[in-house]
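As structure tokens, the structure follows; a few thoughts come after it.
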There are 2 protein chains.
Amino acid sequence: MNNATHQGIRDAIRTRIVSGEWKLGDLIPGEVDFAAHYGCSRTTVNRALQALAEEGIVERKRKGGTRVRPMPAPQAQFRIPIVREQVESLGHAYATKVLKREIELPPLSLRSDMQLPAGTQCAYLESIHLADDQPFAFERRWVNLATVPSFVDANLHELSANEWLVKTVPFSRGDVSLSGTSADNQLAEMLQIQNGAALFTMDRTTWFEDRSVTRMTLFYRQGYRLSFEI
Amino acid sequence: MNNATHQGIRDAIRTRIVSGEWKLGDLIPGEVDFAAHYGCSRTTVNRALQALAEEGIVERKRKGGTRVRPMPAPQAQFRIPIVREQVESLGHAYATKVLKREIELPPLSLRSDMQLPAGTQCAYLESIHLADDQPFAFERRWVNLATVPSFVDANLHELSANEWLVKTVPFSRGDVSLSGTSADNQLAEMLQIQNGAALFTMDRTTWFEDRSVTRMTLFYRQGYRLSFEI
DNA sequence: TTCATGATTATGTATGCACATATTATGAAA
DNA sequence: TTTCATAATATGTGCATACATAATCATGAA
């Protein structure tokens, strides 16, 4: 067997596992066995099995050997899209408008969510995202001015607040939570929907090196779905 | 520098990138430079940079070198939890009850979603998931009996339908979509909430080698949030 | 017999080297 | 100027080797 790249071997072993050659929880052959079988070195098999472990297909333990995961973990990986991209990928023209932009002291709940010292100034924004001039999503956002002081001068006509922050503070971490929300009066008006309609909602707090950057809540128009593969 | 493992170097380089030492899109030093700097072999640096590329932090091209991703893609990876685990991780006792179990011809919309040939028999289930005897989620599920004929004999007292299917048809792919739904009469009654309440909803179609396995819709109780990090 | 303790060994992990491959740069010939 | 071949260079890959670790086995004392 000459196409013995670690990729090829990884695929081969994955196929054998998926096809049911070994049951869930079964011990699969050791690295030396695979190496002999595929005519390559143990190192190459190692890389393949490591990758399979990262994929969540197998579990490995020293001396214990490698076994098929008893209960394979369905791991979803998806890119949280920027609103502009969502709209444009649906074939609509994107636009956004800042409806409100103030400097305020944040409410108490936000102080704990964003770990803000007392007295920290924040920018508060409300924006609407439009697809072909129809409301697509409504956004409420707080920006920690202690972390991003230059935000007060940000020009949000070209870029949305989100895009501006991603460019300015790249590689931040974030906590995301998804939920369903009933539209209150303001949301109903903004999104031009009925009061009480069920909206898909994304909350996101972003961190840069232990300091909070921004917290936003995005209310998608009625019927919006976030789709991805696992 | 002696802790020059590929892990350590990966972390070190990631830190330098995150700290802004190079801007978005910038070319970062080559493998040999890093190897000299960290006092290790190029192989070790190569593994570190490859890992960083998989993380989505850098882009690599032969001869072109390695550069910081121009617009870092915030990729969320999370494990879609089994309802039992969600409930138990909240410290509640889990239970599930099948309320309805029938063999039926699926509706037309499902035939296209699950790519079912005309006349394919399906099992239809309605189940309630309980946390400490309180409703936690309501599930509607169709199972393609052409793919999983043994499901008709499945004992769903020990395992939920989902767990039974995961054990029986492991390593399946899935399309997931998340949305917000207004509770209809049945949902309101099942989850003991008000008619019209906003519910976080997960639709999932599962495939095994081009054949659909199951399609389910899970309506979570009011206030449920799916949280994860990016 | 039971238990603790250390040796053994199968297995997992990391690294340096040599070579492979892809892309760009260079420059000579048409 | 265009075209083509060749060199230069950065990353990709496999292998041999050395090292780390944990389950097991052997040993001996209580």
Counting only the heavy atoms of the protein chains, how much of A:R69 is accessible to a 1.4 Å probe, in Å² to the nearest 10?
-> 60 Å²
Taking every residue of B:217-228, the Cβ atoms of other protein chains inside 10 Å of its Cβ average out to 3
Heavy-atom surface of chain A, accessible at 1.4 Å and reported per residue (Å²) = 49 Å²
Modelled label-to-label distance, B:A93 and B:D33, 7 Å Cα→beta-carbon offset: nm?
-> 6.4 nm
Within the accessible area of the range A:83-220, what % is carbon and sulfur when the probe is 1.4 Å and the other protein chains stay in place?
-> 48 percent
Reduction of at least 30 Å² in accessible surface, 1.4 Å probe, comparing all protein chains with the chain by itself, residues of the range B:50-70 = none
Would you mind checking the tilt of helix A:42-55 against the longest principal axis of the Cα atoms of chain A, expressed as 0 to 90 degrees and rounded to 10?
-> 40 degrees
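Rounded, prolate or oblate: which one fits the protein assembly as shown, using the alpha carbon gyration tensor with axes a ≥ b ≥ c (rounded when a/c is under 1.5, else prolate when a/b beats b/c, else oblate)? Don't skip to the end; give the middle numbers.
Numbers: a/c = 1.94, a/b = 1.00, b/c = 1.93.
Since a/c reaches 1.5 but b/c is at least a/b, the shape of the protein assembly as shown is classed as oblate.
Would you rank B:D33, B:D26 by solvent-accessible area, highest first, keeping every protein chain in place and using a 1.4 Å probe? Walk me through the numbers on the way to the answer.
Numbers: B:D33 90, B:D26 60 Å².
So, going from the largest accessible area down, we get B:D33, B:D26.
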Equivalent ellipsoid semi-axes for the range A:105-175, as square roots of 5 times the alpha carbon gyration tensor eigenvalues: give them largest first, rounded to whole Å.
-> 23, 15, 12
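Once Rh is set to the Kirkwood radius over Cα pairs, what Stokes-Einstein translational diffusion coefficient, in µm²/s, holds for chain A at a temperature of 37 °C and a viscosity of 0.692 mPa s?
Values: Rh = 21.3 Å.
For these conditions, the coefficient is 154 µm²/s.
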Where labels lie 7 Å past Cα in the beta-carbon direction, separation of B:D113 and B:N155 in nm | 3.1 nm
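For the range B:6-68, just say rounded, prolate or oblate: build the C-alpha gyration tensor, square-root its eigenvalues into a ≥ b ≥ c, call rounded for a/c under 1.5, and beyond that prolate if a/b exceeds b/c, oblate if not. Spell out each step's value before the answer.
On the way: a/c = 1.42, a/b = 1.22, b/c = 1.16.
It comes out rounded by the Cα gyration axes.
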Kirkwood hydrodynamic radius (Cα pairs, Å) of the range B:83-220?
-> 15.5 Å
A versus B: buried accessible surface, summed, Å² (probe 1.4 Å, to nearest 100) = 4500 Å²
Chain A, Gaussian network, Cα under 10 Å: of A:A48, A:A183, A:A146, the residue fluctuating most is A:A48
Label spacing, shortest first and in nm, from A:K97 to its equivalents in the remaining copies (7 angstrom along Cα→Cβ) = 5.1
As a check on your grasp of the helix formula, calculate [θ] at 222 nm for chain B: sum -39500 (n - 2.57) over DSSP H runs of n ≥ 4, divide by the residue count, round to the nearest 500.
-> -7500 deg cm²/dmol
Using a 10 Å cut-off on Cβ to Cβ distances, tally the other chain neighbours for every residue of A:177-186 and report the average as a whole number.
-> 6
Which value, in Å³ per residue, describes the convex hull spanned by the Cα atoms of the range B:6-137?
-> 212 Å³
Based on the Cβ-Cβ distance of A:D133 and A:R225, what FRET efficiency does E = 1/(1 + (r/R0)^6) give at R0 = 25 Å, to the nearest 0.05?
-> 0.70
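Treating the beta-carbon of each Lys and Arg as +1 and of each Asp and Glu as -1, no other charges, what is the dipole magnitude of the range A:83-220 about its Cα centre, to the nearest 20 debye?
About 260 debye.
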If the label for B:A146 sits 7 angstrom from Cα along the Cα-to-Cβ line, what are its distances to the same label in every other copy, in nm to one decimal, shortest first?
-> 6.1
Average the reciprocal distances over every distinct pair of alpha-carbons in the range B:179-230, invert the result, and give the Kirkwood radius in Å.
-> 12.5 Å
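The values are calculated or read from the model by the stated rules, or taken from the named source; none is laboratory data. A quick note: this is a predicted structure, and the numbers were derived from the prediction, not measured. Here the Cβ is made from the backbone with ideal geometry for all residues, glycine too, and neighbour counts use every protein chain on show. In case anyone asks, the SASA skips ligands and DNA or RNA and just uses the protein heavy atoms, side chains included. Shrake-Rupley method; radii C 1.70, N 1.55, O 1.52, S 1.80 Å.
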